[in-house]
Structures are given as C-alpha cells and as structure tokens.
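**Q** Sharing a structure below in structure tokens format, with a few things to ask.
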Protein chains: 2
Amino acid sequence: MTTLKDIAKLAGVSIASVSYVINGNKQLSEETTKRINEAIAQTNFAPHSLAKSLRMGKTLTIGVLVEDIRGMPIADIVNGIEENLEEHGYQMILSDLHMLEKLYNQYDQIVDYRSYINKSVQQMLRSHVDGIIYVGLHDRHIDNIIDPIELPFVYAYSHGSKHDHYVSYNNIDGAMDAVNYLINHGHREIAVLAGHPDSFPTHQRMEGFITSLNNADLPIRDEYFFYGDWEYPSGYEQMKKILALPNRPTAIFVMNDLMAAGCINFAQESGLKIPNDLSIIGFDNREIASYLPVPLTTIQVPNREIGHESAKMLLELTTGSTVDKNAIILPCNLIERASVASISL
Amino acid sequence: MTTLKDIAKLAGVSIASVSYVINGNKQLSEETTKRINEAIAQTNFAPHSLAKSLRMGKTLTIGVLVEDIRGMPIADIVNGIEENLEEHGYQMILSDLHMLEKLYNQYDQIVDYRSYINKSVQQMLRSHVDGIIYVGLHDRHIDNIIDPIELPFVYAYSHGSKHDHYVSYNNIDGAMDAVNYLINHGHREIAVLAGHPDSFPTHQRMEGFITSLNNADLPIRDEYFFYGDWEYPSGYEQMKKILALPNRPTAIFVMNDLMAAGCINFAQESGLKIPNDLSIIGFDNREIASYLPVPLTTIQVPNREIGHESAKMLLELTTGSTVDKNAIILPCNLIERASVASISL
DNA sequence: TGAGTGTGGTTAATCGTTTAACTAACACAA
DNA sequence: TTGTGTTAGTTAAACGATTAACCACACTCA
C-alpha cells in the first residue's frame, strides 16, 4: 500500500504538501502541484481511510440495523439505502438481527431482544459509524437503547410516530386508494379481510377503509369485517366464512397479498371465477401477486424510496444543522392487474 | 468516548499497562490488574476499533459484494454470511451492484460492469477489508479485477469451477433427486422444462435429468424436451405445447419454481387436475412454491448454508495457512408438498 | 531603512491504539 | 560483593493521515 510518505519522497516534498494538494486545502505553486500529481498518478495512491477517519473523527460509514434481510420489504429498503449512500461516498455496515428465527436461545428462553440489539449497536458504536438506520417494524425494542446515544438515528419503515426522525409510507391513503378503486368499479358491497387485529398497519388500513366507505355514503356493515394474521392460511380460512355469508359481498379489500393469495386459491377451488364472481384487491405488491392464477391488483409500498429518503435524512442529520423533528410519509400507488372487475350499476 | 488514556489516569498507571490487561498480553500484578479492571467497569470503555485496526493492520471487517440484495437466494446467502461473521466478531460492509436495473447508464449505453464493480472493490480496499465475498452468478465480470489483488476472496453461489475458492450447491444431484422422486412415484413418461438454454444451471440440471433416466433404463425422448427462460410467462407458454403433445407425459421436471407456477396456472385453466392428471416438480423452493393453488414439491437450495460456508472459508483464508484450492459443493434437499401423485403401475 | 504583507513550503502535534525496548527493584547464588 | 534472573511497570515509536503554527524569502510602500 502506498502512503503519503511514499508520494512525498517521490515528489521530493513533505507529506504535508501532498496532503494539501490532495484535499485542496492550501494553494501551492503550480510547479510542485504538478510534480505531486504526477507522483500520485504513477502509484495509483488512495488515502488510507482508517487513518483519515481516526484523525478526522468521521468514518463516512453508517450502520444499518435490519430485522431480517430476507424479509422482502427490508431487502428493497436496504437496496434503496445503499444506492443513496454510495452516491454520496458513504459505506454501510449491515447488522442483521435474525428476528425471523432467533426467538429462543439455547436454553429455550425467549430471547431478550433489547440486549441482543444492544450488542449490535455497541458494535456499531465501536466502529464509530456516523449514524444508524433501523429498518423494520419492531422499533419498540430499540427505543431505550438508542435514546442515550447522541448519534444521528433514523427509523425506516417504522409505523410508529413517536420518534423524531422516521420515514414511512401512507397506510391510510393506500387503503383509501384500494377501496376507492373498488367503489369506482361499481362495487357497493365491500368486505374487508384485515391483518392481525392488534397490529398498527391493520388499524391504519382499517381507518382508510372506513373513511372511503363514509366518503361514498356507503353503509359500514359489521358482518363484512374479517380478521386474519397476515399469513396465507388465514386468507384461505377466512375466505370460507366470507363465501358462506348469506348476502355475499361483490368485492373484498384484503390487507396483504399473502392472505389475498389464500382467498383466491380457495375461491377458485370452490368454483368461483375471480374477478367475475368476486373482485379482490390486495396490499404490498409482493412478488407473488404477479404469479397467482389471477394476477392480483394491489397497492405498492414505495420501499426503495423509503430507503432513499432514510439515507438522505440521515446524511442531513450527520452533516447539516440538526433538524428537531423530521418525518416523511411517502405515498403508495396502485398496481392494476386482473383481480377486480367492473360491476354494472 | 473514553480512551485508554482516561482509564490509565483513573487507575494511576500508564496506558501501556491498561492495554496489556485488556488484551492479556502480559502478566501484571493482581493488585494493578484489579485497579485497572475496576476503572474499565466504571467507564464502560471499549477500545476504538479504528485506532486498533490502524495499528494492527487488521480491520475484522469483510466486504460482501452482491449483485442485488433483492434477489432471493442472495438475501438468504447474505443472512448466512452475516450470522457466521458475527459469531466470529467480524463485521461486513455490503456493496450492492444493483445489477437488476443498472443495465444502462445516463447516456443509454450498456453499463460496463467491470468498471462498475471495480469501483466497489476499490472502495473496499480503501476500507482495508480483510477479505471479500462475491455473491451471485455473474462472476465472470469480476475475474480480472480481483486477480491482481492479493486479498482472500471467495465466490458464493457461483457455479463456475475455474476459481480457487468457492461455495456452491449440487445442481446435478438436485436434479437427480427430483427426477428420481418422480420415477419412484411410478412415472415413466417424464418431460423436462429447462431454463434458458445457454445457462450453466440448465446444463447441470439437464445432466442430472438424463442421468436419472438412464439409471432407470428409461428412454430419452426428444419430444419431451422444452426450454423456457426462467421466467413465469415462459412456463405458461411452454405448458401449452406440452399439453398439446400427442402422448402427454405423466410428469414434468420444471427447472425452477417460477416457470412451474406458470405451468400449474395454465394447467388449471385448461381444466387439468394437478397432480392427478399431471405431476409437476420444481426447483429452488422460492416463497411462491407454498402459495400456489397446488403447493409445489420442489428442490431446496441450501442458500444460508452457502453463506455460512463462504464466511467460514474466507475467515480461514484470512487467518490460517493459505489453502491453495478449496471448493465446497453443498447438497440440495427435496421439499415434499402436493404437486406429485403416485401412478399405479 | 524597516515594518508590513504575501507566497510557498516545512515541522510537529494529534487521533487511540499496540508492543518492543528499557528501567527499577528485588532475590538469590557464587 | 558482584553478577544474573525475575518481576512489574514505563517510555516511546509506530500505524497513516490532517492541520495549526512556524519559517524563509521576496516584494511593497511610507
């Protein structure tokens, strides 16, 4: 590895002079500048980032904490983060919390995520990252870990709004778009298959559902509310109940694509034609949506943009004046496929 | 941030002594050791990793170069890598090549990946990573970049065998497992829907297919060979041809799950019952396999294990004696679902 | 002439560690 | 007494950069 010293010797100057021309922090004579630049070109020298960081107190590295990189929105978001960071000459170190499987430790006790996350954060602090982004839903785990740290911090994807800096997407508007789309296609009897009743997205998407119905002066009918747990089998099971309804709805707003897949598969098994006999709209636009027997019309969450904006926000925090509070809520958009039919009025 | 100096002052010793007790590189008196440890405990001190790395010439960081983190096997592999590295106290910096979309640059010219990858690698070198793992299929892009670098390097997932150090999975055996499974269920007329004809996995899986047929003394029938391009629509289209065959096969070996999804969907549309009228087996075990109208029996590629082994191999290379050549080929395993039926002989 | 002002460059401290080399003190044997 | 070891701890150089402070020289102007 060539160092400043090598260049200095080659050009016959002091290492300070070399450093000055590299960073342009001081005016040197044209003559010496040229000699130094030639020496640099000769050796394809690049400054040692560790030494530089140590001296400057900035690493140009940010830590990204993800719940599990295999979870799809997460990979998309990380992709967006990386792209933005790279553009600005920053690097990321990735720490994966393996939340999808690390529920129990070797003694079969439920893992204390706080201490687990804490380990990852400490590791990042030791590497002197310039900031941290947390990507995921379970942000409550991290609150009292990150609070005492005076380091720029951004939540990406998190739905909570109690944090100072976060980037998320608009669940309410997304749900309204979906339901309005059904209404605009002539549907009046619309059921909803919600996610887990306790979850935040369920509440928000439900709010959008009800608002849309109200705006269109449609009645809110108790018998049209169903709850699953976000997983495929619950879509399949709940669909049985929906189809058994005395007066069956003409359309269903299903709160995610996995459950929608279950709905579609059960409906088809029962001999129903989607969308002619029943329209279905999903949420999330997962890969699966394109590959169902009936391509699913659904709501796309702007995951990469969430990544982009998170990185942008964090970089602003590290460099610029500290913004006190900053939240970005990005809009979703509707992906039109083939699972919704028009109804003749 | 507390430093060695702070601890030293607190304990009334020199910073060298503190360093020695932390790293256990020298025997100090019980008395002073205790005083120093107390001071450390008081301040929750952790050594500054940049300074340490600078001095030691080791960063305990490895670079992971991925083609696109959103590609599913890649996320799984990265997950495995991360887990293994963390266990050994290493960190990773992730660099995403965004291969899925960065085909053209701003001037609409095809991106020169070599120079693009080179930028990422240079960036990693500047961060003084202790080694690099490349995750993906398009390893030919990187060959002449990495060759001149004398840094431990491992290819993960790469199918090529011309490299010194790589970890991959056994396509041939995987395909044989799939075909043998069909044969063991009584099938004699077995078609194959291959991936893109030029791709390496196609060749290998085809080899497995033919070997299995030969081993069972079954004829190789030209009219039973079909080719797609790994994507869903090609599965759908090719299935039309397969069903139009004068004597239709009783089972199909489809070389990936996406095409298998296309096959199943078209078959169902045509009124065929899977698996009773026709058995289908896939490859890859993507998420989608569980959510098809007929849950797909398929071959699972050991992605996380590939990640594990890659990390392990790289760490051995960085620390231990340099192994000249080292290749690991991991076995696949069959996931039994519901898309294959037994045939009465 | 002498004070002030640029210009072009060097010296040396600093960031926070590790570690070879050294010192001081004491014990023990010849 | 002298020499030899052992033990416990310190000093200071090094890793590779940045940058404040300094210096030497030439030029300007009252």
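**Q** Within segment B:283-304, take every residue that is part of a loop (DSSP other than H, G, I, E, B) and without any contact (Cβ under 8 Å) to a residue 60 or more places away in the chain and give me the one that is nearest to the other protein chains (Cβ to nearest Cβ).
**A** Filtering first and then ranking leaves B:P293.
**Q** Go through segment B:67-96 and report how many residues are more than 7 Å from chain A (Cβ to nearest Cβ), among the polar types (S, T, N, Q) and in contact with a strand residue (DSSP E or B) (Cβ under 6 Å, 6 or more places away or on another chain).
**A** Total satisfying the criteria: 1.
**Q** Is there a residue in segment A:257-274 that is polar (S, T, N, Q) and either more than 14 Å from chain B (Cβ to nearest Cβ) or within 19 Å of A:P197 (Cβ to Cβ) (or both)?
**A** no
**Q** Follow-up question, since we're still on this one. Within segment A:132-157, can you find the residues that are surrounded by fewer than 23 Cβ atoms within 10 Å (Cβ to Cβ) and among the small types (G, A, S)?
**A** The answer is A:G136, and nothing else.
Residue-by-condition table, conditions (1) assigned by TED's automatic domain parsing to the domain that holds A:G282; (2) over 30 Å from B:L292 (Cβ atoms); (3) in contact with a strand residue (DSSP E or B) (Cβ under 9 Å, 6 or more places away or on another chain):
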position	(1), (2), (3)
A:H159	no, yes, yes
A:A175	yes, no, yes
A:A178	yes, no, yes
A:T211	yes, yes, no
A:Q238	yes, no, yes
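The rows are residues; the columns are (1) at pLDDT below 95; (2) away from DNA strand C (no atom under 16 Å from the Cβ); (3) closer than 23 Å to B:I146 by Cα.
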site: B:A8; (1), (2), (3): no, no, no
site: B:Y20; (1), (2), (3): no, no, no
site: B:F45; (1), (2), (3): yes, no, no
site: B:G63; (1), (2), (3): no, yes, yes
site: B:E86; (1), (2), (3): yes, yes, no
site: B:H98; (1), (2), (3): yes, yes, yes
site: B:E101; (1), (2), (3): yes, yes, no
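**Q** Filtering segment B:1-21 down to residues that are small (G, A, S) and more than 6 Å from DNA strand D (Cβ to nearest atom), which residue is farthest from the other protein chains (Cβ to nearest Cβ)?
**A** Result: B:G12.
**Q** Moving on. Could you pull out the residue among A:L60, A:L65, A:L85 that is in contact (Cβ under 8 Å) with a residue 60 or more places away in the chain, within 12 Å of DNA strand D (Cβ to nearest atom), touching a helix residue (DSSP H, G or I) at 6+ places or on another chain (Cβ under 8 Å) and under 20 Å from A:M313 (Cα atoms)?
**A** Result: A:L60 is the single residue among A:L60, A:L65, A:L85 that is in contact (Cβ under 8 Å) with a residue 60 or more places away in the chain, within 12 Å of DNA strand D (Cβ to nearest atom), touching a helix residue (DSSP H, G or I) at 6+ places or on another chain (Cβ under 8 Å) and under 20 Å from A:M313 (Cα atoms).
**Q** Any chance segment A:232-239 includes a residue that's among the charged types (D, E, K, R), touching an Asp or Glu at 6+ places or on another chain (Cβ under 9 Å) and over 18 Å from A:N333 (Cα atoms)?
**A** no
**Q** OK, next. If we scan segment B:45-53, do we find a residue that is more than 10 Å from chain A (Cβ to nearest Cβ) and either under 28 Å from A:L97 (Cβ atoms) or in contact with a Leu (Cβ under 8 Å, 6 or more places away or on another chain) (or both)?
**A** Yes; the residues of segment B:45-53 include at least one that is more than 10 Å from chain A (Cβ to nearest Cβ) and either under 28 Å from A:L97 (Cβ atoms) or in contact with a Leu (Cβ under 8 Å, 6 or more places away or on another chain) (or both).
**Q** Quick one: would you say B:S14 is without any contact (Cβ under 8 Å) to a residue 12 or more places away in the chain and out of contact with any Leu (no Cβ under 9 Å at 6 or more places or on another chain)?
**A** Answer is yes for this residue.
**Q** Separate question: Kindly indicate whether B:R248 is among the charged types (D, E, K, R) and within 33 Å of the chain's Cα centre (by Cα).
**A** no
**Q** What is the one condition in (1) surrounded by 14 or more Cβ atoms within 10 Å (Cβ to Cβ); (2) within 11 Å of another protein chain (Cβ to nearest Cβ); (3) over 20 Å from B:V78 (Cβ atoms) that A:N118 does not satisfy?
**A** (2)
**Q** Let me ask something else. Please go through (1) within 14 Å of another protein chain (Cβ to nearest Cβ); (2) touching a residue at least 24 places away in the same chain (Cβ under 8 Å); (3) near DNA strand D (Cβ under 10 Å from one of its atoms) for B:I36 and return the number of the only condition it doesn't satisfy.
**A** (1)
**Q** Related question: Among the residues of segment A:305-315, is any assigned to a strand (DSSP E or B) and more than 14 Å from every other protein chain (Cβ to nearest Cβ)?
**A** Among the residues of segment A:305-315, not one is assigned to a strand (DSSP E or B) and more than 14 Å from every other protein chain (Cβ to nearest Cβ), which makes the answer no.
The values are calculated or read from the model by the stated rules, or taken from the named source; none is laboratory data. Keep in mind that what you see is a predicted model, and the values were worked out from it rather than measured. Note that we place each Cβ from the backbone using ideal geometry, even for glycine, and neighbour counts take in every protein chain shown.
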